[in-house]
Amino acid sequence: MLQVLVNSIVYGSEIAIIAVGIALSYSILRFANFAHIQYAVVGGYATYAGTKLGLPIVAAIAVGAVLVGGLAVLVDALVFSRLRAIAPEGKMIVSWGVALFIRAIIASVFGGSAIIIETSSSTIQVGGAIFTSLDLIVVLATVGFMVLLQLFLYHTRHGSALRALASNYDLAVTRGIPGDRMIRLMWFVTGAYAAIGGSLIALETRLQPNMDLIILLPVFAAVTIGGLSNVFGAVIGAFVLSLAQNVVIAVDFGSLLGGDPWFVPSQFRDYIAVLAMVVVLVLRPASVRPANA
Amino acid sequence: MKRNTMLAAIGAAALAMAGMSPVMAEDITIGVIANLTGQDVNTSVQMARGVEIAADEINKAGGIGGKTIKLIVEDSEYKTQEALTAATKLYDVDKVPAVIMFGGSSLMIAVAELAKQEGKVLINTSSSSAKLGDYPGTLFSILPLDDILGKELGKYIAKKGIKTVATVVPNNTFGLGVADAAGAAFKEAGGKVVKSVAYTEGQPDYRADMQSVVAAAPEAIISAGYGDDSRTIFKNARELGLNVPWFAAYPSIFTVENDAWMNGKLSGVDNGGYSNDTGKAVLAAYKAKWPGEEPLAHIYYGYDALKVLAAAMAKVGEDPKAIAAELPNAVKGYVGATGAIAWDDRGQRIDPPLDLIEYKDGKFETVGTIQ
Amino acid sequence: MISFAIYALTIIAIWSVMAISLNIQFGMTGLVNFGQILPFAIGAYAVGIGIEAGIPWWAGILAGLVAAPLVGLLVILPARRQSQDYWALITLGAGELFRLTMLNVPSIAGGADGVTISRLGDRNLALGLAVGLLVVAYLVGQRISRGPLGRMLRVIREDEVLAATLGRNPMAYRMKVTVVTWAMAAAAGILFGYVVGYIAPTSFLVTDTFLVWTAVILGGPGRNIGVVIGAAILILLSVSTRFMAEWSGLPSDLVANLRLAVFGLVLVLMFLFRPQGLFPETREVRDVDGR
């Protein structure tokens, strides 16, 4: 069972670092950004390109993060900033278009086949649970970047400004907080975090242009479980979801019910993620007052 | 208004291109449908390249009766509707007599229905559903049905003295077909399947799937699958310390992730043709044309598909009905990159040459042949 | 050439019905259904499962036409409590749950393998049925749009509280819309099944939902004729790029990817420069009873 916990933590870390960006942009702009997950994929490809150009991996990830942060700011300047006033669902549709465009461009440049970033990692065994040095780096990096985000949001002036914008945008702006500039900063941070998350997933597994469609549902499920606009809720959501996915598959329901061993087939992992998302959304406190009360 | 502009643009492009189009009256056009976007892109591209290698070879040798083969490659997006759009275009607009296709049965069967209705030929290089036998005279499979190979695999593992296995296959017709056939043969020989995993293709991580296999503690694993996914599966298995032998259907289409770990661990039943002279020539042609790119076994199936088609067309010309009637004769005596080809009366490949191969020191070695 | 044109027109007609269905939901009522593919899939699968179970063809069709609106009523319920962006994610999830169920439980309808449906061999008949369905859908759409129901729906779309103060129950209207539009989409799905002859999970992806959305945004939400033209443009774009790929001599996988890039670009540019679509809805000033 310890191994199940380890697996959950590793997968949860991969999801969490991407999920926080969606929660951050949602908290300020009420904008569930589908393109955000594509930023993660672009980050992975940027890291790959960096290593091909001879950069060490850490430097490649850093450069990728800055580039994708810039990309997120650019996309905002070209598209999203012109559409601040439209309904949240309209923004979601536009972001889908942006994601589709970026995905197709990535596939045109790098091809549709999967790409591997070669790494060497060693196996570590702790009390019956096995993981790799890379897993450890991924988890530590996630924890590190979460702490960093926490420090940024709660212990810097810019962070406080972002939180003020999140809690009441108009009020914050009238109090003199430069809304537009802070939004650009927010996009840069979310883009960079997405790129780091995407690079870590790429190192752990592989890169393909449609990777965003595969991690879309788990990431959105994590953000939803965490309450959509709560940055650290998204992290908790990622780990809760990951644990649920791993535990449901690992439990012998057959024996529990007194019969032959029976497990939930492992391909139901996605199913669990989507189901969790729907159930949380249906049960969450009402977001509109029923008009026909 | 915008539509008119667009149509005008298309029309202009058409006129401009018509003048310098490389299509000439003495060309023979043959269609290829593959999923160039969506999932399994790499394997699909490999198959298309195999067809291309065959076309180059035939054209260099003077074409078919003096005519040059021209290939038209269409994308299926791995979607039924788009595969049909591609096939309708090829059969109806480009007037090709035959299409060589890569894709799952959800695409292949839909196109087979169309080909049957149109009286055209379809060569299947990738799908292995039993339903494909419903199109005799229309559909011809280069890939043998899974049950033949799966059965031999199951028997082979039982002979090794192994008592318990887990099956790890992709959740598609090919994977489940292998798991069923191999599992049944293994059980018949007294073995036990302790865990069946059918994983979702294209996932970034199969840790949870492999964890469930570790928990079941099998003595060996029965597997099937394609390049990218198999690599991730091996990686996760290795990391979780799943150090048991892997027995696979078509191990050569796997991508081995860690040479040292996999050394001596992976073996299975594969097509016995790749290592013959034709196979070697195809491999050499591939390496010359796409240097530095790793080939997959799908190139051999694409190659053979066009070769047998061309052999039939050399005899009877471009009438699809005549081609379909000639194909079973055309393969007689042909030893292709996937070995000798024989079809039953449903156009399904039977008696493929089967070899036992093992992964040793970074490459596969043939260790035996199944009669 | 002619049968290719007939086939392309059939596909356009089917997706136009989907666009009209979404237009009534989103364009007129403001319902953000990101699971538009769900009723379509239910219709198609009802036929497929019916064939597997050996029931008569008309019973399968009937099952699809009944099942989709019933599921729709279930999906619409949370819209009472949740705002539209939350509800959109619920619909997205509902569509995926259905697809994943079909994919992962092979005993229902063949899993990834799918099921074969006896295809409509006669192309002209297929086109006739598709155009017939489109005409019916269009007339229903126009009737709703022009009638008092359409006016009320637009009031709900613009101001739900106002609708309630007028003594109308917005939820009851949304449920009516859902029943009609989900049955419409199911009919499109049924016809899709009979036209392509094969039902598999890969035909019902989230990306297909967004294809319909792109058609509606392109054509102009609120106008039925607009969204039909929007769907036609998209399918023609998709089909014509196949020919361009051949003429251009570029590698086919590159063209395939650039084609998808154009779709994304169209969606974004429309939002930026012509959010009302190519064929904007004409705004009328009337009171709720049409005077």
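The values are calculated or read from the model by the stated rules, or taken from the named source; none is laboratory data. Here the structure is a predicted model, which means the values were calculated and not measured. In this analysis, Cβ positions are derived from the backbone assuming ideal geometry, glycine residues included, and neighbour counts consider all displayed protein chains. SASA here: full protein model, heavy atoms, side chains in, ligands and nucleic acids out. Shrake-Rupley method; radii C 1.70, N 1.55, O 1.52, S 1.80 Å.
Some observations on this one:
- Where helices (runs of 4 or more DSSP H) fall wholly inside the range A:153-256, the ranges with 2 or more residues that are facing another protein chain (nearest Cβ under 10 Å) are A:179-204, A:211-225, A:231-250.
- For the range C:155-176, filtering for residues that are open to solvent by less than 50 Å² (accessible area, probe 1.4 Å) and within 22 Å of the chain's Cα centre (by Cα) leaves 5.
- Pairs, first more than 17 Å from C:Ile190 (Cα to Cα) and without any contact (Cβ under 8 Å) to a residue 24 or more places away in the chain in the range C:1-24, second open to solvent by 10 Å² or more (accessible area, probe 1.4 Å) and of a type in the set (A, V, I, L, M), C-beta under 7 Å, six or more apart: C:Met1/B:Val93; C:Phe4/B:Val93
- The lone criterion from (1) more than 9 Å from every other protein chain (Cβ to nearest Cβ); (2) in contact with a Lys or Arg (Cβ under 8 Å, 6 or more places away or on another chain); (3) without any contact (Cβ under 8 Å) to a residue 24 or more places away in the chain; (4) among the hydroxyl-bearing types (Ser, Thr, Tyr) left unmet by C:Thr29 is number (3).
- The range B:194-219: number of residues that are open to solvent by 40 Å² or more (accessible area, probe 1.4 Å) and more than 7 Å from every other protein chain (Cβ to nearest Cβ): 5
- None of B:Lys155, B:Lys151 is open to solvent by 40 Å² or more (accessible area, probe 1.4 Å), more than 14 Å from chain C (Cβ to nearest Cβ) and within 21 Å of the chain's Cα centre (by Cα) except B:Lys151.
- Any chance A:Asn168 is modelled with pLDDT of 85 or more, crowded, with 23+ Cβ neighbours inside 10 Å and closer than 30 Å to A:Leu283 by Cβ: no
- Filtering the range A:105-138 to residues that are open to solvent by 60 Å² or more (accessible area, probe 1.4 Å) and over 30 Å from A:Ala35 (Cα atoms) leaves A:Ser120, A:Ser122, A:Thr123, A:Gln125, A:Val126, A:Gly127.
- Residue match in the range B:327-337 (condition: open to solvent by 30 Å² or more (accessible area, probe 1.4 Å), on the phi < 0 side of the Ramachandran plot and assigned to a loop (DSSP other than H, G, I, E, B)): yes
- The residues of the range B:62-89 that are among the small types (Gly, Ala, Ser) and without any contact (Cβ under 8 Å) to a residue 24 or more places away in the chain amount to a single one, B:Gly62.
- Residues located in the range B:236-246, provided they are open to solvent by less than 20 Å² (accessible area, probe 1.4 Å) and either among the charged types (D, E, K, R) or closer than 27 Å to B:Ala181 by Cα (or both): B:Asn236, B:Ala237, B:Glu239, B:Leu242, B:Trp246
- Condition check for B:Ala98: in contact with a Pro (Cβ under 7 Å, 6 or more places away or on another chain), of a type in the set (Gly, Ala, Ser), open to solvent by less than 10 Å² (accessible area, probe 1.4 Å) and more than 9 Å from chain C (Cβ to nearest Cβ): yes
- Complete set of residues in the range C:69-98 that are more than 8 Å from chain A (Cβ to nearest Cβ) and either closer than 30 Å to B:Lys131 by Cα or of a type in the set (Gly, Ala, Ser) (or both): C:Gly72, C:Ala79, C:Gly95, C:Phe98
- Residues in the range A:65-101 that are under 20 Å from the mean Cα position of the chain (by Cα) and free of Cβ contacts under 8 Å to residues at least 40 places away in the same chain were compared, and the one that is most open to solvent (accessible area, probe 1.4 Å) is A:Leu74.
- Flag for A:Leu281 being open to solvent by less than 60 Å² (accessible area, probe 1.4 Å), touching a Phe, Trp or Tyr at 6+ places or on another chain (Cβ under 6 Å), more than 23 Å from B:Ser212 (Cβ to Cβ) and modelled with pLDDT of 85 or more: yes
- Taken together, B:Lys79, B:Lys60 contain a single residue that is out of contact with any strand residue (DSSP E or B) (no Cβ under 9 Å at 6 or more places or on another chain), over 30 Å from B:Lys287 (Cβ atoms) and open to solvent by 10 Å² or more (accessible area, probe 1.4 Å), which is B:Lys79.
- C:Thr101 being more than 7 Å from chain A (Cβ to nearest Cβ), surrounded by fewer than 19 Cβ atoms within 10 Å (Cβ to Cβ) and assigned to a helix (DSSP H, G or I): yes
- Against the criterion of being open to solvent by less than 30 Å² (accessible area, probe 1.4 Å), among the hydroxyl-bearing types (Ser, Thr, Tyr) and more than 7 Å from chain C (Cβ to nearest Cβ), A:Thr47 qualifies.
- Residue pairs meeting the criteria (Cβ under 6 Å; at least 6 apart or on separate chains; first touching a residue at least 24 places away in the same chain (Cβ under 8 Å), in the range A:219-238; second part of a loop (DSSP other than H, G, I, E, B)): A:Gly233/A:Gly226; A:Gly233/A:Gly227; A:Ala234/A:Gly226; A:Gly237/A:Gly226
- In the range B:247-255, the condition of being free of Cβ contacts under 8 Å to residues at least 60 places away in the same chain, part of a strand (DSSP E or B), open to solvent by less than 30 Å² (accessible area, probe 1.4 Å) and closer than 25 Å to B:Ala185 by Cα is met by no residue.
- Among residues of the range B:305-321, those that are in contact with a Pro (Cβ under 6 Å, 6 or more places away or on another chain) and either part of a helix (DSSP H, G or I) or among the hydrophobic types (A, V, I, L, M, F, W, C) (or both), counted: 1
- Per-region count, the range C:8-30, residues open to solvent by less than 10 Å² (accessible area, probe 1.4 Å) and in a helix (DSSP H, G or I): 16
- Candidates are the residues of the range B:101-131 that are among the polar types (S, T, N, Q) and within 12 Å of chain C (Cβ to nearest Cβ); the one that is most open to solvent (accessible area, probe 1.4 Å) is B:Gln117.
- Note on the range B:72-185: enclosed helices (runs of 4 or more DSSP H) holding 1 or more residues that are closer than 23 Å to C:Gly121 by Cβ and of a type outside the set (Asp, Glu) are B:80-88, B:105-118.
- Yes/no for A:Ala77 being closer than 27 Å to C:Leu265 by Cβ and either of a type outside the set (Ser, Thr, Tyr) or outside any helix (DSSP H, G or I) (or both): yes
- Count - residues of the range C:104-126 that are without any contact (Cβ under 8 Å) to a residue 12 or more places away in the chain, more than 9 Å from every other protein chain (Cβ to nearest Cβ) and not hydroxyl-bearing (Ser, Thr, Tyr): 3
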